[in-house]
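Right, one structure below, let's go through it.
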Amino acid sequence: MLGKIIKYMRTQKGYSQETLSKKLKIAQTTLSGYETGYSSPNFDMIEDIANLCDFEVAFLDKKQGEKITTKNINRKI
């Protein structure tokens, strides 16, 4: 599932695997592995991919209906 999301973000931005992997300073085969589910990126890499593709990593608190992001978490703690 995460691989499909990564591929979706990349294609929505119009990046090829080669372009995004260069921006991330990783091998294209590494990015391909993320997209196919062969390997999994750590959270920092997920955040980097999202930022480069103009997406935001967010968690929704279902109970309170509050959206927590990597950008606003420091204000909450």
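In the stretch 1-58, which residues are of a type in the set (Ser, Thr, Tyr) and closer than 25 Å to Asn72 by Cβ?
Pass one, the stretch 1-58, residues of a type in the set (Ser, Thr, Tyr): 8, 11, 15-16, 19, 21, 29-30, 32, 34, 36, 38-40.
Tyr8 - this is the single residue of the stretch 1-58 that is of a type in the set (Ser, Thr, Tyr) and closer than 25 Å to Asn72 by Cβ.
Six or more apart or on different chains, Cβ under 8 Å: which pairs go from a residue in the stretch 51-77 that's closer than 20 Å to Leu2 by Cβ and of a type in the set (A, V, I, L, M, F, W, C) to one that's open to solvent by 60 Å² or more (accessible area, probe 1.4 Å) and modelled with pLDDT under 85? Could you list them?
Ile68/Lys76
Looking only at the stretch 38-77, which residues are in a helix (DSSP H, G or I) and either modelled with pLDDT under 90 or touching a helix residue (DSSP H, G or I) at 6+ places or on another chain (Cβ under 8 Å) (or both)?
Restricting attention to the stretch 38-77, the residues satisfying the condition of being in a helix (DSSP H, G or I) are 43-52, 73-76.
Across the stretch 38-77, the qualifying residues are Met45, Ile46, Asp48, Ile49, Ala50, Leu52, Ile73, Asn74, Arg75, Lys76.
Give the residues of the stretch 23-37 that are in contact with a helix residue (DSSP H, G or I) (Cβ under 7 Å, 6 or more places away or on another chain) and charged (D, E, K, R), sorted by residue number.
Within the stretch 23-37, Lys23, Glu35 meet the criteria.
What are the residue pairs meeting all of these: first residue in the stretch 23-36, first residue under 17 Å from Thr11 (Cα atoms) and open to solvent by 40 Å² or more (accessible area, probe 1.4 Å), second residue part of a helix (DSSP H, G or I) and charged (D, E, K, R), Cβ atoms under 7 Å, and 6 or more apart or on different chains?
Gln28/Glu18
The values are calculated or read from the model by the stated rules, or taken from the named source; none is laboratory data. This one's a predicted model, so the numbers in the text were calculated from it and none came from an experiment. Reconstructed Cβ throughout: ideal geometry from the backbone, glycine too, with neighbour counts over all protein chains shown. Note: areas computed on protein heavy atoms with side chains; ligands, DNA, RNA excluded. Shrake-Rupley method; radii C 1.70, N 1.55, O 1.52, S 1.80 Å.
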